[in-house]
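Notes for the one structure printed next.
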Amino acid sequence: MANPWLTFIEIMIAAAIFGYLFFRRRPGQVEGSNSVRRIEIKLSGAALTPTEVSVPWNRPAQLVIHRLDSDPEEELFEVDELQMYALLPARYTTIIPFNPQRRGAFPMILGGEREAGKMIVE
């Protein structure tokens, strides 16, 4: 009769070899390349924190804006060159999904007129 511990160890070694061969990262495979980049910004008054954000070109991303103030009831947010537009309700977190198709530095505009920050697409 075989030793049950020896059988258990043989099964564990076989499982480890199987896992290494079939689930390892392949050459040229970038870790997290399919993941969505999440950028968080706080909006208080007319100020964004941070004022400058960087996002990778042609990769899905989410801009998460936490609006902390209560006046006015809605604030317009836009990055016109990237066709990003959103109304930000007071005391609410808004998630804006996007996939930047242009490289460069683009102004983040609040209220349709004042520049509050910069989005850099690399």
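Taking one quarter of the surface of the convex hull spanned by the alpha-carbon atoms of the chain gives a direction-averaged projected area of 11.6 nm².
Against the chain, whose longest principal axis is taken from its Cα atoms, helix 4-23 shows a tilt of about 40°.
For the chain, the fraction of 1.4 Å probe accessible surface lying on carbon and sulfur atoms is 56 percent.
With 0.36 nm allotted per residue and the present C-alpha distance subtracted, the Ile9-Thr93 stretch has 25.2 nm of extension available.
Surface analysis of the chain yields an accessible area of 69 Å² per residue, using protein heavy atoms and a 1.4 Å probe. Above 13 angstrom, tally the Cα pairs of segment 78-122 and express them as a % of all pairs, no decimals. Percentage above 13 Å: 58.
The values are calculated or read from the model by the stated rules, or taken from the named source; none is laboratory data. Every value quoted in this text rests on a predicted model; they were computed, and no experiment measured them. Accessible surface areas use protein heavy atoms only, side chains included; no ligands, DNA or RNA. Shrake-Rupley method; radii C 1.70, N 1.55, O 1.52, S 1.80 Å.
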